[in-house]
2 protein chains.
Amino acid sequence: MQDHITPRRVVILGGGFAGLFAARALRRSPVAVTVVDRRAHHLFQPLLYQCASGILSEGQIAQPLRAVLRRHHNVSCVLAEATDVDVGAQVVHLRRPDGGALDLPYDDLIVGVGMRQSYFGHDEFAAHAPGMKTLHDALDIRRRIYRAFEMAETASDAGERQEWLTFALVGGGPTGVELAGQIREIAGHTLDREFRKTDSAQARVLLFEGSGEVLGAFGHPLALRAARTLRSLGVELHLSTRVTEVDVHGLTVEGQDGATTRFDARTVLWTAGVEAPPIAAALARATGAGQDRAGRIFVEPDLTVPGHPEIHVTGDVMSLNKLPGLAEVAMQSGAYAGRAVRHAVEGRTKQPKPFRYLDLGSAAYISRGKAVVKAGPLHLSGAVGWLAWLFIHLAFLTGFRSRLGAVLSWSVSFVTSSRRERAFTMPDADTSAGRAQSAPPPP
Amino acid sequence: MQDHITPRRVVILGGGFAGLFAARALRRSPVAVTVVDRRAHHLFQPLLYQCASGILSEGQIAQPLRAVLRRHHNVSCVLAEATDVDVGAQVVHLRRPDGGALDLPYDDLIVGVGMRQSYFGHDEFAAHAPGMKTLHDALDIRRRIYRAFEMAETASDAGERQEWLTFALVGGGPTGVELAGQIREIAGHTLDREFRKTDSAQARVLLFEGSGEVLGAFGHPLALRAARTLRSLGVELHLSTRVTEVDVHGLTVEGQDGATTRFDARTVLWTAGVEAPPIAAALARATGAGQDRAGRIFVEPDLTVPGHPEIHVTGDVMSLNKLPGLAEVAMQSGAYAGRAVRHAVEGRTKQPKPFRYLDLGSAAYISRGKAVVKAGPLHLSGAVGWLAWLFIHLAFLTGFRSRLGAVLSWSVSFVTSSRRERAFTMPDADTSAGRAQSAPPPP
């Protein structure tokens, strides 16, 4: 047994799937776990696009971390961002939301900080092309999608109207494909007969992808079927293209032949790539660990950093055997790291088996009643794929109320095409922040 | 019958209760109605505090205006802000969200733009003390409430922790009272056992009110009962006080005797007063109409502006017989103005009866199972008041799905004290906006 006065301190960086599953694996261990996250919620990222498109509310896909972990009596949650790690002193340096510093000593460190959107060195694109990684991003995208149709309705001429009715999606992975399907559904069904001057169904959705196919990770047969489904929905696919410029009126892309083409589109959404957050580089510097091109940290087969058996890297930010950045990998690697700490606490001396990812499959929703699912030798698409998608997401959605709420929202949305969460906010001069800005400085 | 080529043009400024009920009254008239609003949604303002406190989602209290009015085939919706009125040319000048100008000619103008939060000349308070008028405000307040408890948990000492656990509410009207009750409930029940270092139940809620009682509009007996209920919930009432200073660490108030007191509170919320938005002053200038101290426009008994029978002012921004700024007044005055236009279109020459407000009562929710309701001679409080509150709000909530959703959310929240919509966003360096800001300028 551990000394109860000073139990072994386990710090988990990140409250995503990896961090959550690591904390759960330690539930019955006599350790003091601290989960650090920059947000106060655990986000069910695979459904983020449904929050952006107005089917689900924030609360349906994001639960407070401390509510999820309430019954884990050995877990504390800290709202802060990790800025650096002192691997000698075994201390993580944190920054609180108000800028204050906080130091957290650890005996074991489990890193599951995830990846953030990458603009491939063009961060200036971000102002015109938001990414899709956080709840904040999703609400921003919701605002941009629905506002675009509003702007089209009051456009001064047909040219401007068409610009507002053109949506460009950069990136042909699951998120880009899902968003493309959602926007076509919104345009063709949700907004049906709501506009007087605008035919919302005329909205163009352009999907740009650098490689030769969408959903390449699902394998060639499913990628082909996904492309066919997207085209039948009216999504215009531009494969083997690279975005060279984004501004408020649209984007410029370069084809394989080097020729550039300009597309006018007032809404550009970016799901093209990911990169590690700054703490990954800090950890690599501190430990001497290597990083792949996107900044993921190379780990040993037991998910520890070379030379640092007390530091585990899990989830999307871990680089091991080119495992994909999927929720399922994050869950399994997080649970593995948590178990490794538990076994050490229990005094097991046996060399742990290397981490092995059990591929339970992956799924992408394209539109109502259509999804592609790959699970081992199984390749599903169309309605069968959609049923499999439904089952998988219900099984993994955190918490019973979220499941019930999602099923209700999906049922209504599926039957009526309506979306309950269409309300978007616009900070303007009348909000408190706007008022304070325009207020004269106090004397 | 009107000429079908150029039907009479009715412009409605504001898609709140007044505007919506005006549009509905014109549903079967051969007129072309345009509803102009700065937001794309109709907001059920009486439940805004429940969105702020995490019980309801945005979509449960805000429906897209054009979805609400979809079956009104003579109605168009325009997302824009009215900046001025040319009463000679009968044209409203609008500004679109992108800054573009738009002119809208009218034959009849119905103004129902509502009121905004007033800081009594101290707009600089707004940065530290958000108001509660818009969905944007509600999400801001949700963020501040839940973040405060998070900050308390990582506070560096007991003094800072207590500052984060102190919530100051300025204004003892329904919104202030409702928020006070909500925060006490969150502290005592919702967050129960979620924190390790912080006892959330120790949160102090201070309510500051300029007059001698809270909910004064409900009459002395109910005001007394509301004060008793609030005190029993642990809300500290500071009556007959005036706020003289607000900053990031708290506020300073002056009592009736002129003595000032300082209160440390990291969260200050402002519900103390209202003022007319700038378009009211523009309309008064253009028509020569008078305004009361808060900027409301004085109207004739038929709700028109003196000398301008084609301009109707309705809802909160209308000044007539000191009618209160209640949803019910807005609905009835909006419907009255709509009917007046309909009668004119139908060629009725009879002098219309003056507008008479039928007081159906008013209600304020204090906490679980406790509300005060005043309806004519009826004064209800406690559990009976709460049942009446429930019935009234369900009856008026727009749309069947909102009602069903609200009942489900209320049931779960009432029984379990949990709140589904606790997730809040924090724009940080990693969001698209943050990334773009820190990006180097393009060459």
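The values are calculated or read from the model by the stated rules, or taken from the named source; none is laboratory data. On a predicted model such as this, the values are computed, not experimentally measured, just so you know. Cβ coordinates were reconstructed from backbone atoms using ideal geometry, including for glycine residues, and neighbour counts include every protein chain displayed. We work out accessible area using only protein heavy atoms, side chains counted, and drop any ligands, DNA or RNA first. Shrake-Rupley method; radii C 1.70, N 1.55, O 1.52, S 1.80 Å.
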Note on residue B:361: of the conditions (1) more than 19 Å from residue B:24 (Cβ to Cβ); (2) open to solvent by less than 40 Å² (accessible area, probe 1.4 Å); (3) small (Gly, Ala, Ser); (4) modelled with pLDDT of 90 or more, unmet is (4)
Which one is surrounded by the fewest Cβ atoms within 10 Å (Cβ to Cβ) among residues in region A:181-195 that are touching a residue at least 12 places away in the same chain (Cβ under 8 Å) and under 17 Å from residue A:420 (Cβ atoms)?
A:192
Spot the failing condition for residue A:55; the list is (1) part of a strand (DSSP E or B); (2) under 24 Å from residue A:330 (Cβ atoms), and only one is missed.
(1)
Please count how many residues of region A:417-433 are touching a His at 6+ places or on another chain (Cβ under 9 Å) and either at pLDDT 65 or above or more than 8 Å from chain B (Cβ to nearest Cβ) (or both).
8
Note on residue A:66: of the conditions (1) touching a residue at least 40 places away in the same chain (Cβ under 8 Å); (2) open to solvent by less than 20 Å² (accessible area, probe 1.4 Å), unmet is (1)
Residues of region B:83-96 being surrounded by 15 or more Cβ atoms within 10 Å (Cβ to Cβ), more than 25 Å from the chain's Cα centre (by Cα) and not in a strand (DSSP E or B), which ones?
B:87, B:90
Checking residue B:346 against (1) open to solvent by 70 Å² or more (accessible area, probe 1.4 Å); (2) within 14 Å of chain A (Cβ to nearest Cβ): exactly one of these is not met. Which one?
(2)
Among the candidates B:140, B:84, B:103, B:107, which residue alone is of a type outside the set (A, V, I, L, M, F, W, C) and farther than 30 Å from residue B:283 by Cα?
B:140
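What's the total number of residues in region B:9-30 that are within 14 Å of chain A (Cβ to nearest Cβ) and either of a type in the set (S, T, N, Q) or surrounded by fewer than 24 Cβ atoms within 10 Å (Cβ to Cβ) (or both)? Write out each step before concluding.
So in region B:9-30, the residues within 14 Å of chain A (Cβ to nearest Cβ) come out as B:9, B:11, B:14-16, B:23.
If we keep only those that are either of a type in the set (S, T, N, Q) or surrounded by fewer than 24 Cβ atoms within 10 Å (Cβ to Cβ) (or both) as well, we get B:9.
Residues in region B:9-30 being within 14 Å of chain A (Cβ to nearest Cβ) and either of a type in the set (S, T, N, Q) or surrounded by fewer than 24 Cβ atoms within 10 Å (Cβ to Cβ) (or both): 1 in total.
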Could you tell me which residue of region B:97-140 is farthest from the other protein chains (Cβ to nearest Cβ), considering only residues that are over 27 Å from residue B:12 (Cβ atoms), open to solvent by less than 40 Å² (accessible area, probe 1.4 Å) and of a type in the set (D, E, K, R)?
B:140
From the options B:196, B:242, B:262, B:184, residue that is modelled with pLDDT under 95 and touching a strand residue (DSSP E or B) at 6+ places or on another chain (Cβ under 6 Å):
B:196
Members of region A:193-234 found to be among the β-branched types (Val, Ile, Thr) and within 24 Å of residue A:386 (Cβ to Cβ), listed by number:
A:205, A:214, A:229
Among the residues of region B:56-74, count how many are at the interface with another protein chain (Cβ under 8 Å from one of its Cβ atoms) and touching a Gly at 6+ places or on another chain (Cβ under 8 Å).
4
Within region A:269-295, take every residue that is open to solvent by 60 Å² or more (accessible area, probe 1.4 Å) and not in a strand (DSSP E or B) and give me the one that is farthest from residue A:106 (Cα to Cα).
A:293
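Restricting the search to region B:255-297, which residues are of a type in the set (A, V, I, L, M, F, W, C) and over 15 Å from residue B:82 (Cβ atoms)?
Those that are of a type in the set (A, V, I, L, M, F, W, C) and over 15 Å from residue B:82 (Cβ atoms): B:259, B:263, B:265, B:268, B:269, B:270, B:272, B:274, B:289, B:294.
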Looking at residue B:6 and the list (1) part of a helix (DSSP H, G or I); (2) polar (S, T, N, Q); (3) more than 12 Å from chain A (Cβ to nearest Cβ), which single condition is not satisfied?
(1)
Go through (1) out of contact with any Leu (no Cβ under 6 Å at 6 or more places or on another chain); (2) closer than 14 Å to residue A:176 by Cα; (3) without any contact (Cβ under 8 Å) to a residue 60 or more places away in the chain; (4) open to solvent by 40 Å² or more (accessible area, probe 1.4 Å) for residue A:236 and report which single condition fails.
(1)
Just need a number here: residues in region A:26-40 that are farther than 16 Å from residue A:336 by Cα and assigned to a strand (DSSP E or B).
6
Looking at residue A:281, is it over 22 Å from residue A:160 (Cα atoms) and in contact (Cβ under 8 Å) with a residue 60 or more places away in the chain?
no
Out of region B:80-96, which residues are away from chain A (no Cβ under 14 Å) and among the hydrophobic types (A, V, I, L, M, F, W, C)?
B:85, B:87, B:89, B:91
Of (1) part of a helix (DSSP H, G or I); (2) open to solvent by less than 20 Å² (accessible area, probe 1.4 Å); (3) facing chain A (nearest Cβ under 8 Å), residue B:77 satisfies all except one. Which?
(1)
Considering region A:141-150, residues that are more than 7 Å from every other protein chain (Cβ to nearest Cβ) and out of contact with any strand residue (DSSP E or B) (no Cβ under 7 Å at 6 or more places or on another chain), and then whichever is nearest to residue A:333 (Cα to Cα), we arrive at A:142
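Can you find, within region B:202-217, the residue that is farthest from the chain's Cα centre (by Cα) among those that are open to solvent by less than 10 Å² (accessible area, probe 1.4 Å) and in contact (Cβ under 8 Å) with a residue 40 or more places away in the chain?
Here the residue is B:203.
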As an exercise: evaluate residue B:198 against (1) within 16 Å of residue B:171 (Cα to Cα); (2) buried (at least 19 other Cβ atoms within 10 Å of the Cβ) and give the number of the one condition it does not meet.
(1)
